[in-house]
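Coordinate-derived values only; no laboratory data. In this text, all values refer to a predicted model and were calculated from it rather than measured experimentally. Quick reminder, even Gly has a Cβ in these numbers, built from the backbone with ideal geometry, and neighbours come from all protein chains shown.
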Amino acid sequence: MKGNHQTWRYLLLLAAITSLLFMGMGCDGGSGSSSSSSTSSSSGGCNSSSSSSSSSTSSTSSSGGTYDTFNKGAYATTQNLSSGPSSKSGLFYPNNIPSGTKLPIFLWGCGGGSDPSAYVDHLNHIASWGFVVIAEVSSGNGSELLSALDWLTTQNNTRTSVLYQKLDLTKVAAGGHSMGSIGTFQIASDSRLKTTIHVAGGSFSGQGPKNLRNPTAYICGADDQMGATPNAETDYQNTTVPVFMTVMTGVDHMMAARQGLPAITAWLLWHLKGETQRKADFLNNGTVFRTGIFVSKSKNW
């Protein structure tokens with residue numbers, strides 16, 4: 001009976017998310033063109049418009065830290081929504097990659113009932129900071145993310161691929177929104193992953209953290225009506241690896257991925273690109289992701 005109860009909870013959650021998406025409450029509409037832009041902000045969220053080029057603007061707060069990831073990065077980006085191992089993945093990568101540059105990888109699991117087109121703006125934003133991002137429709141068990149990583153590994157070794165010898169396969173992160181977060185917990189023990197990011201997607205059982213092997217971030221909304229934030233609180237209590245958690249004021253389940261985007265990007269820059277100065281922005285009181293809408297805590301560091 002317990003298994004049936006969990007199944008019904010999952011099905012009800014999936015139905016609710018799907019309903020919201022069809023009502024036009026999803027984060028972004030799909031697009032088949034390249035997209036990149038920047039807007040300055042210090043309260044949360046990112047710009048949602050698009051253009052053919054991008055720039056980044058660094059803004060330093062009086063309490064320390066930089067707000068640069070509230071803007072897009074230095075790269076214009078390209079997207080392909082018919083890519084990956086099943087030709088249904090979303091692939092996002094920087095244009096004009098300098099010769100010899102190896103790009104870190106971010107695997108993204110979409111929320112239940114959605115596909116990569118719902119996260120076009122989000123993932124172009126991350127790619128503009130020098131990451132290759134691949135997004136998958138979520139199964140709940142994360143297997144599709146590992147298949148995507150296998151596919152990228154093949155692309156890195158295929159001379160005809162646009163990603164040939166462009167990937168740093170030693171710098172890989174996985175994350176997802178809602179159901180995509182739950183799937184990320186399932187694969188978190190994979191030795192190729194350096195970190196995981198869980199957006200509005202706490203595990204139902206509280207046992208999600210048992211697979212964690214590396215630093216992780218929980219990014220949630222205070223107004224989430226899907227139960228994801230209380231579940232993530234339980235996961236936080238059960239997490240034994242270094243962990244950061246933020247609950248964003250005035251943010252619901254659907255908007256957590258957009259409003260959390262500056263933190264997601266900065267976290268990847270810290271853990272995959274070695275920008276260790278960003279550690280303080282997450283762990284020190286009064287800095288970037290511990291002020292404004294970000295009500296945050298951390299442990300095990």
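The figures follow:
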| item | result |
| --- | --- |
| Positive minus negative residues near Pro85 (Lys, Arg vs Asp, Glu; Cβ under 13 Å) | -2 |
| Neighbour net charge for Ser138 - beta-carbon separation under 15 angstrom, K R +1, D E -1 | -2 |
| √(5λ) per eigenvalue of the Cα gyration tensor, the stretch 139-185, largest first, Å | 25, 10, 7 |
| Relative contact order (%) - criterion: Cα under 8 Å, at least six apart; region: the stretch 103-154 | 45 percent |
| Relative packing of peptides 89-98, 232-241 - highest average C-beta neighbours within 10 Å first | 89-98, 232-241 |
| All-pairs Cα distance distribution in the stretch 236-301, expressed in whole percent, bin size 5 Å | 3, 17, 26, 27, 20, 7, 0 |
| Protection proxy ranking, peptides 252-265, 125-138, average beta carbon neighbours within 10 Å, highest first | 125-138, 252-265 |
| Cα-only radius of gyration and Dmax that characterise the stretch 81-204, units Å | 13.4, 45 |
| Distance between the stretch 125-169 and the stretch 205-281 - C-alpha centres, whole angstrom | 22 Å |
| Relative contact order %, the stretch 133-217, counting alpha carbon pairs below 8 Å whose residues are six or more apart | 26 percent |
| Tail fraction, Cα-Cα pairs, the stretch 131-270, threshold 25 Å, whole percent | 25 percent |
| Local electrostatic count, Thr216, Cβ distance below 15 Å [Lys/Arg +1, Asp/Glu -1] | +3 |
| About the Cα centre, charge dipole magnitude for the stretch 148-301 (Lys/Arg +1, Asp/Glu -1 at Cβ), debye | 540 debye |
